[in-house]
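Contents: one structure, followed by commentary.
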Amino acid sequence: MKIVFAISEVEDLVKTGGLADVGKALPLALRDAGEDVTIIMPYYKAIAEEYALADACPQQTLFAEGKVYHYSVKQLSWNDITIYFIDYPDYFHRDGLYSNTYDAFDDNAERFSFFCGSALHALQDLGIQPDIIHCHDWHTAILPFLLRNEQTGYFAQTQTVFTIHNAAFQGIHKLDDIPFLRHHPAILSQVHGGYINMLQTGIAYATKITTVSPNYAKELLTDLGSHGLHERLVTRKRDLVGILNGCDYGQWNPADDHFLPINYTKDSLHDKKACKQALQRECDLPDNTDVPLIGMVCRLTEQKGFGYIMPILDELMHHNVQMVIVGTGDPSVCMDLNEFAQNHPSQFAFVNGFSIQHAHLVEAGADFFLMPSQFEPCGLNQMYSLAYGTIPIVRAVGGLKDTVIDQVADKHHSTGFVFDEPTPAALLSCLRRALLFYYEHPVGLREMQIRGMTTRFTWEDAAKAYLQLYRTMV
C-alpha cells in the first residue's frame, strides 16, 4: 500500500509538541510493517539550515487569485523513508513554525492552505499516486477538500484519513485572509460569517477521521467534550475511529536512560530511590526518600488542570508530601507557582522552564506523576510514568482514561489513581487516596509499580490498527 503522510512537523527534524512524535513514530512503524511510506511537509528555516537538500523535481508553479507561487520540492532520505519538503521561503523560512516568540503568525491559514495545495501538485509532478494520504490536524485539514475538488482525476483512487490530535486547535480564519483559497469555486460551502474553520473542513471532506485515543473519540461526539464540533462529528460518526498513540520506549526506558544518575528495572526498583534523591537535590528539597514526591511536567495552561490544582495546594501541603512542577506557559500560573514555592521551600519546587533532562529526572525520581487535565486527547506522560514505575494520578478524560486503571475500580490490575469530577475537591480527594496508599500499603504500591512497568502501548499496535482502517478504504 502506498501511504503519504502530510504533516507539519516530524521529530528529529522540527518539533513543537506531540504531533511531531506521531510524525516520526507512526511512519516508521508502518515502514516496519512492510508498507510504502512517504512524508511531505514544509521546508522550514531550521531544516534548511541543518540540511543542504537537492531539488526532487523542477521548480513548481501554482496560481491562485492572480497570485503566482513559485516553489521548490526538496528531498531527504530519512530512516529508509523519503521525505519531500515544500520550499516556499516567504511562508516557511521563519524562526518559528507557527508563531514568533509571542504571537501566532497572522497568515497561518494562507501558509498551510498553500502547503496543502502545493503538496498535491508536487505529488503529481513526482509521479506519486497514493492509496492513502494521511493528514494531521488543522495544518493539513484543507488537503481533503482540495483533493475532493481536484479536476485532473489523478487522485481518483486516493482516499484520505484525517487525524485530530487536539480538537481545541481548529484553524479559524477569515476567508479574506487566505488568498490561496479565496476564489476556489467550492470554498463558499465552508464559510460561515466570513470565516472558515479548517478543522471542520477536514472533518467534512476526509474519507475517514481518526483521533488519538478511543475515549477521546467518544468525547468528541458529546457537546461537553467536542470543543464545539459535536454536530459535525455526529454526522460522520460511522467514519470516526479512536486509535491510541504509542509510546517510544527507546527514548523512555529507565533501564538505559542516560539522563538518570542510576538505571533500574522492575527487578531493581530500590535503585529508583537514587533518582528521587537526585531530583530532591536538583530542586533544593530535603533529601528524604520516605516522603512521597509528586511530580508534574507540562505546559502551564488551563487545559492541564491548573484550575483544579491551584485552589488545593495549601491543603495538600498540610500532608507529609513533596511536590515538583516543571514547565512554562501562562505567566499568571508561573507567577503563582513561583510565589508558592518561595512560601513552601521544604515541600514545593517550581522549575520555570523545560529541558529533556528535567523531564526524565522527574519521571524517574517522583513517586507519583500528576495529570489532572481538563481534556487530554491521548497524553504521553502517563505512559512514560508507567514505564518508570511512577504512579499516575489522572483525571478520567481522553487517553488518560484509556491507559490508567484506577486502584479502587480494579485493585488486582490497577496502575494508578483516577478521578472523574472536574473540581479541585475531587482532585484533592484523589491525591489523599494516593498518599494514604503510599503510607499504608507499601507492598501494594510496589505491585502497582511493577504492573505499570510491564504495561506497553506500542506504535506497532497503533500501526496495525491504522493498517486495518486503511484496508477498509482501498
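The values are calculated or read from the model by the stated rules, or taken from the named source; none is laboratory data. These numbers come from a predicted model, not from an experiment. For neighbour counting, all protein chains shown are included, and Cβ atoms are generated from backbone atoms with ideal geometry for every residue, glycine included. Heavy atoms of the whole protein, side chains included, go into the accessibility calculation; ligands, DNA and RNA do not. Shrake-Rupley method; radii C 1.70, N 1.55, O 1.52, S 1.80 Å.
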Long-range amide H partners of Ile172 with built H, under 5 Å: Met198
Contour excess over end-to-end distance, with Cα ends at Asp284 and Trp78 and 0.36 nm allotted per residue: 69.9 nm
Dipole of the chain, positive end: most advanced residue of Leu28, Asn338, Ala46 [Cβ charges, Cα centre]: Leu28
DSSP bridge orientation in the chain - percent antiparallel, rounded to nearest 5: 30
J(HN,Hα) series, the stretch 61-72, from Karplus relation 6.51 cos²θ - 1.76 cosθ + 1.60, nearest Hz, glycine and proline x: 9, 10, 10, 8, 6, x, 8, 10, 10, 9, 9, 10
Accessible area of Lys218 in the full protein assembly, 1.4 Å probe (Å², nearest 10): 140
Degrees, to the nearest 10: 424-440 long Cα axis against longest axis of the chain: 50
Residues of the stretch 45-185: accessible area per residue with a 1.4 Å probe, Å²: 44
Residues with amide H under 5 Å from that of Arg395, placed H, sequence gap 5 or more: Met371, Ser373, Phe419
For Rg and Dmax of the Cα atoms in Å, calculated from these coordinates, the label among [x] 25.7, 94; [y] 23.4, 73; [z] 24.1, 88: [y]
Ala64 long-range amide H proximity, modeled H, under 5 Å: Tyr69
Those GluC sites (Glu not before Pro) in the stretch 1-48 that DSSP places in a loop and that have at most 14 other beta carbons within 10 Å: none
Cut-off 15 Å (backbone N to label point 7 Å along Cα→Cβ of His183), residues of the stretch 102-138: none
Selection from Phe368, Leu62, Tyr216, by position along the positive dipole direction of the chain (Cβ): Tyr216
Calculated from backbone phi, Karplus (6.51, -1.76, 1.60) coupling profile of the stretch 131-136 in Hz, x at Gly/Pro: 6, 10, 10, 9, 9, 9
C-alpha center-to-center spacing [the stretch 1-34, the stretch 93-170] in angstrom: 15
Simple spin-label estimate for Tyr195 and Ala425 in nanometres, 7 Å along Cα-Cβ: 3.5
Accessible heavy-atom area order of Asp267, Asp330, highest first, probe of 1.4 Å: Asp267, Asp330
Share, in percent, of DSSP beta bridges within the stretch 9-153 that are antiparallel, nearest 5: 75
Phi to ³J(HN,Hα) by Karplus 6.51 cos²θ - 1.76 cosθ + 1.60 over the stretch 137-152, Hz, x for Gly, Pro: 6, 4, 4, 10, 5, 6, 4, x, 5, 5, 5, 5, 9, 6, 9, 7
Greater than 28 Å apart at Cα, pairs in Lys2/Lys218; Lys15/Lys411; Lys24/Lys304; Lys237/Lys464; Lys45/Lys401: Lys2/Lys218; Lys15/Lys411; Lys45/Lys401
Cα centroid separation - the stretch 304-360 against the stretch 286-303, whole Å: 7
Accessible-area order (highest first, 1.4 angstrom probe) of the listed residues Asp336, Asp256: Asp256, Asp336
Total charge dipole magnitude, the chain, about the Cα centre, Cβ charges on Lys, Arg, Asp, Glu only, Debye to nearest 20: 1060
Positive-end residue, the stretch 219-301 charge dipole about Cα centroid, Cβ charges, pick of Gln251, Gln277, Thr289: Gln251
Distance (nanometres) between label positions extended 7 Å along Cα→Cβ at Thr16 and Asp90: 2.1
Size of electric dipole in the stretch 184-296: Cβ of Lys, Arg +1 and of Asp, Glu -1, about Cα centre, debye, nearest 20: 640
19 Å tail of the calculated P(r), the stretch 160-247, as % of Cα pairs: 40
On Cα atoms only, tilt of 331-343 relative to the major axis of the chain in degrees: 10
25 Å tail of the calculated P(r), the stretch 340-474, as % of Cα pairs: 33
